[in-house]
Amino acid sequence: MRSYIQGDLSAGQFANKLLQIEDGKVPADPSTCLIIMPCGQIVKSPDELLSKMYPNIQQNFKDQDWLSNRAILASRNDMVEKLNVTIQKQLPG
């Protein structure tokens, strides 16, 4: 809806792709549980994904604007949990 209101066609295409993922119409790689979307960067591993999405997280994790511009979508909750744990281990404290 937000992409429709703002008139951003690429955001609308991205939103449609997300709906296809939710409907199970886009298969995930069985070995990594990742879905490669042509609208983003292609990575070869979860570690590479995290390094591209959250570069220098140790210095930037307190910056709400920096964090709010990043998101990783996963097809399954267990993959989200693994990614969250990996990110949290990189944070100080």
Next item on the list: Among the lysines, select those whose C-alpha is under 23 Å from the C-alpha of Lys52, and discard any that sit fewer than 8 residues away in the same chain.
Entry: Lys17, Lys44, Lys62, Lys82, Lys89
Note to self: Give me the net charge for the shell around Tyr54: Cβ to Cβ below 15 angstrom, other residues only, Lys and Arg +1, Asp and Glu -1.
What the structure shows: +1
Checklist line | Label-to-label distance, nm, for residues given as Asp63 and Ala15 (7 Å Cα→Cβ offset) | finding: 2.8
Check: What accessible area, in Å² to the nearest ten, does a 1.4 Å probe give for Lys25?
Finding: 150
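The values are calculated or read from the model by the stated rules, or taken from the named source; none is laboratory data. What you are looking at is a predicted structure, and each value in this text was computed from that prediction instead of being measured. Quick reminder, even Gly has a Cβ in these numbers, built from the backbone with ideal geometry, and neighbours come from all protein chains shown. Each accessible area value is taken on the protein alone, full model and side chains, heavy atoms only, with ligands, DNA and RNA left out. Shrake-Rupley method; radii C 1.70, N 1.55, O 1.52, S 1.80 Å.
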